[in-house]
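The values are calculated or read from the model by the stated rules, or taken from the named source; none is laboratory data. Keep in mind the model is a prediction, meaning the values are calculated, not measured. All Cβ positions, even for glycine, are placed from backbone atoms using ideal geometry, and neighbour counts span all protein chains on display.
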Amino acid sequence: MARLLGQRPCAITVGGEGDSFATQLRGFGLEKLYVLDPRAAPQWTPETYAQAVTSVALRRKPKLLLFAATPLGSDAGARVAARLRTGFISECVDFAVEGERLCARKAVHGGEAHMTLRWLSPPPWIATVDLDALEAIEGANRCAPQVIEDQVTLEAPRTELVRRWKVDPRQLALGEASLVVGVGRPIIARAQELSRLKEAAESIGAVLGVSRPVTDAGLMPKESQIGMSGNWLAGDVYIACGISGSAYHMMAIHKVRHLIAVNIDRDAPIFKSAELAIVADLFELLPALGELSKTTA
Amino acid sequence: MKIAVCLKHIIGPPSSGLAGTGAPLRHSPNPLDLSAIEEALRLRAGSGGSEVVVVTAGPPQAELTLNRAIAMGADKAIRVWDEAMCGADSFFTAEVLCATLRATGFDLILCGSRSADTGSGIVGALLAEELELPLIAGALGLKYDERTNRISADKKLERGVRETYTTCLPAMVTIEHGPNEPRWYGAGWVHRLLKQKIERRDLRWLGVSFPAQSRRVEIVAVTPPRPRTKLGVNVASLSREEKLRMMFGQTRTSAGQVRASDRPEDAARKIKEHLDKWLG
């Protein structure tokens with residue numbers, strides 16, 4: 001990005017361990033790392049992050065401020081843009097330079113079209129970046145960024161964080177779960193095995209989903225369907241068992257980072273896009289996997 | 001308590017596959033804004049003497065959305081529109097909404113966390129900034145404590161992490177899709193639709209003029225979606241297979257396929273190894 005604009009890349013972080021963090025960031029081409037004192041705010045919430053970033057931005061005058069399009073990044077980014085009253089483009093998937101101006105492309109109408117937008121306001125331009133569109137590149141330059149301790153004084157926050165907790169991963173909706181086990185057509189003929197498979201999925205900390213034929217057969221409720229007409233996955237790992245990989249199914253899982261496919265048919269189309277292809281019977285494999293994680297845990 | 005809900009009416013392209021065929025455009029309320037109305041109605045039911053006012057800045061078609069809100073149970077509906085607002089950006093929309101909200105009064109302002117069309121998700125932050133209100137963004141459900149006059153909201157983060165925030169009223173809260181499904185129609189909706197009139201306002205009535213610096217971002221082009229490509233990847237260095245994979249939107253880099261057709265225990269161990277690596 002910086003090369004595109006002919007500028008120098010810098011980053012902002014909060015925390016006392018600036019130096020060790022800077023060492024980790026070595027090779028990613030950052031020039032400066034602004035480290036803020038974690039004691040500047042009583043709590044680090046989107047509100048206080050936004051205040052801190054705003055005050056650094058006012059002082060350092062960046063051309064472009066990027067946030068990750070995560071819940072925290074989107075929240076803080078919008079607040080900073082509102083505070084600075086400057087152009088804001090969310091969930092960008094691509095950037096381009098036209099003359100002096102920067103353009104960003106993003107999905108609109110739920111991904112049915114892409115829109116290219118251009119910043120007209122004076123910098124800083126603010127954007128949140130879709131993390132799926134990025135790949136960390138380690139450059140040849142192995143220098144650690146220069147660490148700059150920056151002081152910020154913040155206003156008293158008006159929202160208070162009272163509780164932070166984690167939902168049991170097995171209780172999550174399919175779209176949010178990071179590990180999902182999907183079971184396909186073979187289960188219909190052996191419905192009595194369903195509870196065993198559920199137990200196995202639970203013991204590896206996964207949410208169990210099924211393909212469309214299974215919900216159509218009435219074995220599982222519609223909420224556990226994975227597919228274009230059901231749940232779209234976006235987690236880290238998906239284990240597809242006895243699922244051949246129809247286009248509708250594959251469309252709904254394209255955001256998953258790692259795909260493991262288990263099938264007895266060694267020519268199942270899903271093997272083409274799987275990272276780990278396993279020719280095995282799911283009714284033997286899943287319980288074995290469950291046992292294995294019980295013994296290791 | 002007076003709860004104001006800001007709505008967006010979305011005019012979208014025809015359903016996929018029909019684009020360019022002259023099929024009619026799709027009209028719909030922004031789904032997250034319906035969730036915001038639902039939360040407002042639940043709060044009203046929980047505390048006596050509350051009122052729910054819905055506000056939209058949009059052309060006459062936007063009354064479809066207001067009618068839905070009335071049918072759901074909103075007490076009052078206001079539509080602001082002026083020809084000058086064609087192509088207005090989030091900043092101007094927020095300014096118009098602010099002026100309207102100041103005129104109607106409020107204790108709590110709700111809206112969806114982003115719209116389903118362009119979805120920049122900044123209007124909530126702008127309203128909070130302009131009206132100097134505390135902001136909770138992306139709330140899943142709301143609770144109001146009458147004794148302390150505080151509102152508390154759960155917020156969804158990644159990987160099943162949740163946070164609860166509280167703040168004092170008056171406040172601004174943007175709503176994310178949570179456990180409360182928006183109701184389709186509320187009781188007595190026919191009567192309400194017949195009886196309730198939508199108030200129509202223009203910019204002169206509000207005392208807002210079109211700003212000199214009109215837009216901060218402009219639309220350059222709208223194109224069919226291109227497959228996802230990763231930024232910063234040197235395409236020339238990829239093999240043909242990898243290029244094809246990228247063209248078809250597959251960003252998973254194959255870690256080399258492992259075919260294990262041995263005993264299920266061995267296969268399970270293999271999966272477990274990868275799970276441990278990938279899930280950290």
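Summary table below
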{"quantity": "Number of positions in region B:134-156 that are over 19 Å from the mean Cα position of the chain (by Cα) and either in a strand (DSSP E or B) or of a type in the set (D, E, K, R) (or both)", "calculated": "8"}
{"quantity": "Selection from region A:252-271 of residues that are more than 9 Å from every other protein chain (Cβ to nearest Cβ) and either out of contact with any Ser or Thr (no Cβ under 7 Å at 6 or more places or on another chain) or without any contact (Cβ under 8 Å) to a residue 24 or more places away in the chain (or both)", "calculated": "A:Ala252, A:Ile253, A:Ala261, A:Asn263, A:Ile264, A:Asp265, A:Asp267"}
{"quantity": "Index of the failed condition, A:Pro213 passing every other in (1) touching a helix residue (DSSP H, G or I) at 6+ places or on another chain (Cβ under 8 Å); (2) at pLDDT 85 or above; (3) within 18 Å of A:Glu176 (Cα to Cα)", "calculated": "(3)"}
{"quantity": "Given (1) touching a strand residue (DSSP E or B) at 6+ places or on another chain (Cβ under 6 Å); (2) more than 7 Å from every other protein chain (Cβ to nearest Cβ), index of the condition A:Arg118 fails", "calculated": "(2)"}
{"quantity": "Sole exception among (1) more than 28 Å from B:Ala153 (Cα to Cα); (2) touching a strand residue (DSSP E or B) at 6+ places or on another chain (Cβ under 9 Å) for A:Leu172, by number", "calculated": "(1)"}
{"quantity": "Selection from region B:178-218 of residues that are closer than 30 Å to A:Trp125 by Cβ and loosely packed, with under 10 Cβ neighbours inside 10 Å", "calculated": "B:Ala212"}
{"quantity": "Strands (runs of 3 or more DSSP E) enclosed by region A:60-135 - at least 2 residues per element that are not assigned by TED's automatic domain parsing to the domain that holds A:Pro46", "calculated": "none"}
{"quantity": "Single residue of region B:68-77 satisfying the filter (surrounded by fewer than 23 Cβ atoms within 10 Å (Cβ to Cβ) and out of contact with any helix residue (DSSP H, G or I) (no Cβ under 6 Å at 6 or more places or on another chain)) that is farthest from B:Glu38 (Cα to Cα)", "calculated": "B:Lys76"}
{"quantity": "Residues (of a type in the set (A, V, I, L, M) and over 14 Å from A:Gly242 (Cα atoms)) located in region A:253-275", "calculated": "A:Ile253, A:Val256"}
{"quantity": "Count - residues of region A:141-195 that are away from every other protein chain (no Cβ under 14 Å), more than 30 Å from A:Ile264 (Cα to Cα), assigned to a strand (DSSP E or B) and β-branched (Val, Ile, Thr)", "calculated": "2"}
{"quantity": "Residue list for region B:78-93, restricted to those being assigned to a helix (DSSP H, G or I), surrounded by 18 or more Cβ atoms within 10 Å (Cβ to Cβ) and more than 14 Å from every other protein chain (Cβ to nearest Cβ)", "calculated": "B:Met85"}
{"quantity": "Candidate set: region B:175-224, residues that are of a type in the set (S, T, N, Q) and out of contact with any Gly (no Cβ under 9 Å at 6 or more places or on another chain); chosen: the one nearest to B:Arg102 (Cα to Cα)", "calculated": "B:Ser209"}
{"quantity": "Residue in region A:229-245 that is over 18 Å from B:Asp276 (Cβ atoms) and in a helix (DSSP H, G or I) present", "calculated": "no"}
{"quantity": "Cβ pairs under 6 Å, 6+ apart, first in region A:142-167 and free of Cβ contacts under 8 Å to residues at least 40 places away in the same chain, second surrounded by 10 or more Cβ atoms within 10 Å (Cβ to Cβ) and among the small types (Gly, Ala, Ser)", "calculated": "A:Lys166/B:Gly160; A:Val167/B:Gly160"}
{"quantity": "Looking only at region B:111-131, and only at residues there that are among the hydrophobic types (A, V, I, L, M, F, W, C) and within 16 Å of B:Thr65 (Cβ to Cβ), the one that is farthest from the other protein chains (Cβ to nearest Cβ)", "calculated": "B:Cys111"}
{"quantity": "Residue among A:Leu219, A:Leu292 that is facing chain B (nearest Cβ under 9 Å) and more than 27 Å from the chain's Cα centre (by Cα)", "calculated": "A:Leu292"}
{"quantity": "Test: A:Ala240 is over 23 Å from the mean Cα position of the chain (by Cα), of a type in the set (A, V, I, L, M, F, W, C) and in the same structural domain as A:Gly175 (by TED's automatic domain parsing)", "calculated": "no"}
{"quantity": "Answer residue from region B:35-62, given it is in a helix (DSSP H, G or I) and touching a His at 6+ places or on another chain (Cβ under 8 Å) and is farthest from B:Gly138 (Cα to Cα) among those", "calculated": "B:Gln61"}
{"quantity": "Criterion: more than 7 Å from chain B (Cβ to nearest Cβ), modelled with pLDDT of 80 or more and surrounded by fewer than 18 Cβ atoms within 10 Å (Cβ to Cβ) - qualifying residue of A:Ala127, A:Ala76, A:Ala96", "calculated": "A:Ala96"}
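Yes or no, residue by residue, for (1) away from chain A (no Cβ under 11 Å); (2) in contact (Cβ under 8 Å) with a residue 40 or more places away in the chain; (3) under 22 Å from B:Leu41 (Cβ atoms); (4) of a type in the set (Val, Ile, Thr):
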site	(1), (2), (3), (4)
B:Glu146	yes, yes, yes, no
B:Leu157	no, no, no, no
B:His177	no, yes, yes, no
B:Arg183	yes, yes, yes, no
B:Val217	no, yes, no, yes
